[in-house]
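Every number here is computed from the coordinates shown, using simple stated rules; none is lab data. On a predicted model such as this, the values are computed, not experimentally measured, just so you know. Every residue, glycine among them, receives a Cβ derived from its backbone with ideal geometry; neighbour counts consider all protein chains shown.
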Amino acid sequence: MIAHELRRDTGILIVTPQGPLEKSDFEMLAREVDPYIEEKGGLRGLMIQAKSFPGWHDFAALVSHFNFVKDHHRRIAKVAAVTDSGFLAILPSIAKHFVQAEVRHFDYADKEKALKWLGSAI
């Protein structure tokens, strides 16, 4: 399950995994975010906030996650991985090969620092 908050005033989407990721999580995110992206042209930033990475419920969830990234990565300027998880902490080094967004890791306690970075000029 993924909790999310779309801050329309700043163009920042905050997602917080709260258990193994499911296919329906990415369908729900797309329904929420796609109209905003169409209206505004993109998102200024995406914050992935998770103390640890919960994994995927099943293979369909993994595929749905990859499809969501494929369909949206060109429309997101910056991604902040806010986590103490070793898996998510290496996200910036892996993501640079697959996404156009600038990706940066922040410690879990540095949420405000991450939000400030996401809101800064590109």
In the range 1-56, residues that are closer than 13 Å to F68 by Cα and assigned to a loop (DSSP other than H, G, I, E, B) total 1
If we keep only residues of the range 1-36 that are more than 13 Å from the chain's Cα centre (by Cα) and among the hydrophobic types (A, V, I, L, M, F, W, C), then the residue nearest to D84 (Cα to Cα) is M1
Within the range 11-30, residues being buried (at least 19 other Cβ atoms within 10 Å of the Cβ) and in contact with a Pro (Cβ under 9 Å, 6 or more places away or on another chain) number 3
Residues of the range 48-75 being within 13 Å of A30 (Cβ to Cβ) and among the aliphatic types (A, V, I, L, M), in sequence order, are V69
